[in-house]
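Student: Have a look at this one before I ask anything.
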Amino acid sequence: MKNENATQLGTVLAELIRQHGLDKKIQAQSIPLYWEEIIGPNAAKTAKVKKVEFGKLIVEVGAPVWRTELMMRREEIRKKLNERLGSEMIKEIVLR
């Protein structure tokens, strides 16, 4: 009975999160966790996720060499991020 109640509660919470549009915000909070895994630890030292707004992932890159590298790989990175997020949340990656 306990497991059934927990399942029902989980279902109700998931629906509330979805109804209030919090699911996208929760997904966005996961992006920095996946970022280093996808771009690698060396690039992640200088390329920091700043925010997601209107489908754009804004990334601040401290070194021109890494900016160039990430610019060439941004479509691959975008696809991998969306795959990990389980949706097409990121439409574009903006490197600054």
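Student: Using unit Cβ charges (K, R positive; D, E negative) and no other charged atoms, how large, in debye to the nearest 20, is the dipole of the stretch 24-95 about its Cα centre?
Tutor: Around 180 debye, computed over the stretch 24-95.
Student: Treat each spin label as a single point 7 Å out from the Cα along the C-beta direction, and report the LYS80 to GLU60 distance in nm.
Tutor: Each label point is offset 7 Å from its Cα along the Cβ direction, giving 2.3 nm.
Student: Suppose a student asked you for the relative contact order of the chain, using Cα pairs under 8 Å spaced at least 6 residues apart; what percent would you report?
Tutor: 26 percent
Student: Summarise the long-distance tail of P(r) for the stretch 27-96 by giving the % of C-alpha pairs beyond 13 Å.
Tutor: Percent of Cα pairs beyond 13 Å in the stretch 27-96: 59.
Student: Using DSSP to define loop residues, name the GluC sites (Glu not before Pro) in the stretch 63-96 whose beta-carbon has at most 12 other beta-carbon atoms within 10 Å.
Tutor: GLU88
Throughout, read-outs are computed from the coordinates displayed, never taken from laboratory work. Keep in mind that what you see is a predicted model, and the values were worked out from it rather than measured. Note that we place each Cβ from the backbone using ideal geometry, even for glycine, and neighbour counts take in every protein chain shown.
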